[in-house]
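J.: Handing you a structure now.
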Amino acid sequence: LHGRLEIEDEHDELGRMATVLNSLLSRLERSFAQLHRFTADAAHELKTPLTSIRAVGEGVLEGEQSPAAYREAVSSMLEETSRLNQTVEGLLLLSKAEAGQIVVQPTRFDLRELVDEIVALLDVLIDERRVTIRQIGAEAAQTPVSADRTLVRTCVLNVLHNAVKFSPEGGVITVAYESREENMLRLSILDEGPGIAESDRQRVFERFFRVRAVRASGADGAGLGLAIAMLAIEANHGKIYFDAREGEGSLCYIEIPAPAVA
Ligand code: ADP
């Protein structure tokens, strides 16, 4: 795939065809490179928990262990298994989306109720990190949104989960609702964590992308959460993006269609 057609006189038919073909070749090359990187990253993400499960298992088999040590080993193996499971589920969802097999079933629902449901789901983590969730502008969310509830739930859950995960202990997360023109409702999620550098604000939506410091810190997560959040919201004609903010923390916007009732 490294060849190029050397007919570059753009003035005749053949020259124009060569230009088109060369640009197609470049795109193919980029796709192959992406595919290659994706496979390598996926293999790495699957291998890490597998290695750890194996090491713990081997450790347990060496000599006599106390019942407490057995329990600890099994629980650590289960934790790694669940991490593995999450990565596989995420990959399956992404590949389904790529094949155009995601089924979108829009209904009208109350976004505030959904956010409350998600906050309840994250309760243990929120308590553990002593994080406070503050909701403002809820009156703007009086018009129900119109989208697939399960997909929007996945999107908001992944973003809010990150916000809690990256919050400092005792931090405040602000969830705000805002009506936008053209029948869109905009949800913003603001945290007081390390924030996302401008150069990474697009890249965090790529599969397996994790900010270098986060990867080095050994924090859990495979870097699929935001890729999934993006496909889930875009399947509903919505949008997701990070914006700059003053001071510390990250600010994520999620736009969801909320047409006025006819
Ligand atoms: P992960 O499973 O690693 O959290 P995501 O796709 O959800 O994967 O996020 C990708 C990366 O984006 C994270 O590893 C982190 O580096 C960065 N990131 C996401 N959300 C935040 C946030 N609220 N604050 C700071 N960094 C974030």
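The values are calculated or read from the model by the stated rules, or taken from the named source; none is laboratory data. Only a predicted model underlies this, so the values are computations on that prediction, with no experimental measurement involved. When we count neighbours, we look across all protein chains shown, and the Cβ atoms used for this are built from the backbone with ideal geometry, even at glycine.
J.: Are there any pairs with C-beta distances below 7 angstrom linking a residue in the stretch 133-148 that is under 14 Å from D116 (Cα atoms) to a residue that is hydrophobic (A, V, I, L, M, F, W, C) and exposed (fewer than 15 other Cβ atoms within 10 Å of the Cβ), with the two at least 6 apart or on different chains, and if so which?
T.: Every condition considered, the pairs that remain are R134/V172.
J.: Then there is this: Scan the stretch 72-109 residue by residue and report those that are surrounded by 15 or more Cβ atoms within 10 Å (Cβ to Cβ) and assigned to a loop (DSSP other than H, G, I, E, B).
T.: Listed by number, the residues that qualify are I102, P106.
J.: Return the pairs, sorted by first residue and then second, in which the second residue is at pLDDT 95 or above and surrounded by 10 or more Cβ atoms within 10 Å (Cβ to Cβ), the first residue lies in the stretch 24-37 and is farther than 14 Å from R207 by Cβ, the beta carbons are less than 8 Å apart, and the residues are 6+ apart or on different chains.
T.: Correct list of pairs: empty, since none qualify.
J.: Restricted to the stretch 187-198, and to residues that are within 18 Å of the chain's Cα centre (by Cα) and not hydrophobic (A, V, I, L, M, F, W, C), which residue is surrounded by the fewest Cβ atoms within 10 Å (Cβ to Cβ)?
T.: E198
J.: Would you confirm whether any residue within the stretch 253-261 is more than 8 Å from the ligand (Cβ to nearest atom), surrounded by fewer than 19 Cβ atoms within 10 Å (Cβ to Cβ) and either within 28 Å of S52 (Cα to Cα) or free of Cβ contacts under 8 Å to residues at least 40 places away in the same chain (or both)? Even if it seems obvious, please write down each step before you answer.
T.: So the first thing to find is which residues in the stretch 253-261 are more than 8 Å from the ligand (Cβ to nearest atom), and the list is 253-261.
Okay, now just the ones that are also surrounded by fewer than 19 Cβ atoms within 10 Å (Cβ to Cβ), so 253, 257, 259-261.
Applying the additional criterion that residues be either within 28 Å of S52 (Cα to Cα) or free of Cβ contacts under 8 Å to residues at least 40 places away in the same chain (or both) yields none.
Among the residues of the stretch 253-261, not one is more than 8 Å from the ligand (Cβ to nearest atom), surrounded by fewer than 19 Cβ atoms within 10 Å (Cβ to Cβ) and either within 28 Å of S52 (Cα to Cα) or free of Cβ contacts under 8 Å to residues at least 40 places away in the same chain (or both), which makes the answer no.
J.: Can you tell me which residue is nearest to the chain's Cα centre (by Cα) among those in the stretch 168-183 that are within 12 Å of the ligand (Cβ to nearest atom) and under 26 Å from E139 (Cβ atoms)?
T.: I173
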